[in-house]
Structures are given as C-alpha cells and as structure tokens.
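Novice: One structure is given below, represented as structure tokens, and several questions about it will come after.
Values in this text are rule-based calculations from the coordinates and carry no lab data. All values reported here derive from a predicted model rather than from experimental measurement. No Cβ is skipped: glycine too gets one built from the backbone with ideal geometry, and neighbour counts run over all protein chains shown.
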Amino acid sequence: MGLYATFHLDEHLFGQSIPMIREIIRSSAITPVPHAAKHIRGLINLRGQVVTILDLAVRLGMPRREIQETSHIIILKTNGELASMQSRGEGRGLQTSADVVGFLVDSIGDVVEADEATIEPPSANVSESEGHFLSGVLKTDIGLLVLLDIPEVLNGE
C-alpha cells in the first residue's frame, strides 16, 4: 500500500507519492525568470533556499491561470534526499531532480492510501504528447487518481 497526496489542476485529480514530497506550502511571491520556458513560473525563496517553481498545468498542456487563494506549491525532495531514503530501504526507484523544485497546483486535496499493485497504465485515448507525463492511474474511493512521471515532467526544466 502506498500513500498519495492529492491535488487538483482544473477539474482533474492528480496524486503524488508522499515519499517524494518534502513539503506543501501556500503559494508565495514567485519571481519571474526572463526568457524561461513557459512552464517555469519563476523562483521563490524558501527559508533562504532558491526553489524553481514549475506551473504544472502549463507543463501538462493546460492554460496558464492566475494564482488563487487555494493555489499551493508542492516542494519535491531532491535526488540526494531520496538516495538517503533508499539507502535505508525506503522509496526504491524514486527520482526527481538534483535541485529543489516545486509544482504550482490549483488546490490540495487529501492523502489517500491505495494499493500500488492496482496502478493501471494511462488510458489509450490520452495523446502521446500528454501521456508521456503520466505514469499511471489508480482507482480510489475519491475517484480516479492520475499519477505523474516526475522525471519526465522535470525533463528539460
């Protein structure tokens, strides 16, 4: 069984494995980066550490939207933090980035527990351009939970 933090982009429900998440924060002042890719929303200062913020909706092909009161940033653990976990036998195969990165999302949902053995591949009707960001789908009590392929989302950040 695995634990997943859920979040929304538009009306879509997504989930991320809890061991990959360092923390979830309310959206703060994001400093734009000139000439950055469209999905790079900007930078934040998180307790003295500079964090790159990706607009996850834009990365997944959705329109850019204004930051709302419900918007949050999911800060991912670095590969170094994950390697430390893996040396203790936890979080096998998890991978993110060498640098601290956060995802801007519309809102945060609940934590759900789901059997990882029931992860199904993304639907065949998902376009290849959108589908390569998805690692699978989980059926949960709150609905279908779309799981992201984090290394693919971060590729070319």
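Novice: Of the labelled options [x] 26.5, 98; [y] 15.1, 44; [z] 15.6, 48, which one gives Rg and Dmax of the Cα atoms in Å as computed for this structure?
Specialist: Here the calculated entry is [y].
Novice: At a Förster radius of 41 Å, what calculated FRET efficiency corresponds to the Cβ-Cβ distance of Asp110 and Ala37, to the nearest 0.05?
Specialist: Working: r = 31 Å, r/R0 = 0.76.
My answer for the efficiency is 0.85.
Novice: Just going by the charge dipole of region 2-154, with Lys and Arg at +1 and Asp and Glu at -1 on Cβ, which of His12, Ile142, Met85 is farthest out on the positive end?
Specialist: Farthest towards the positive end: Met85.
Novice: Now for a separate question. By counting other Cβ atoms within 10 Å of each Cβ, how are Val51, Val105, Val33, Val100 ranked from fewest to most?
Specialist: Val33, Val100, Val51, Val105
Novice: Before rounding to the nearest 500, sum -39500 (n - 2.57) across all DSSP H runs of length at least 4 in the chain and divide by the residue total; then give [θ] at 222 nm in deg cm²/dmol.
Specialist: Working: 4 runs with 22 residues, N = 157.
Using -39500 (n - 2.57) per qualifying helix, the result is -3000 deg cm²/dmol.
Novice: What residues from region 81-95 fall in the zone where the backbone N is under 12 Å from a label point 7 Å along the Cα-to-C-beta line of Ala117?
Specialist: The answer is none, because no backbone nitrogen lies closer than 12 Å to the label point.
Novice: Over the chain, calculate the relative contact order: mean separation of alpha carbon pairs under 8 Å at least 6 apart, over the residue count, as a percent.
Specialist: Numbers: 301 pairs, mean separation 44.0, N = 157.
The value is 28 percent.
Novice: Once you charge only the Cβ atoms, +1 for Lys and Arg and -1 for Asp and Glu, what is the size of the charge dipole of region 2-154 about its Cα centre, to the nearest 20 debye?
Specialist: Using only the charged Cβ atoms, the result is roughly 620 debye.
Novice: Quick check: net charge around Ile142, other residues with Cβ under 12 Å of its Cβ, Lys/Arg +1 and Asp/Glu -1?
Specialist: With Lys, Arg at +1 and Asp, Glu at -1, the net is -2.
Novice: Then there's this: Given a Förster distance of 30 angstrom, what is the FRET efficiency for Lys139 paired with Val50, based on the Cβ-Cβ distance and rounded to 0.05?
Specialist: On the way: r = 39 Å, r/R0 = 1.29.
That gives a FRET efficiency of 0.20.
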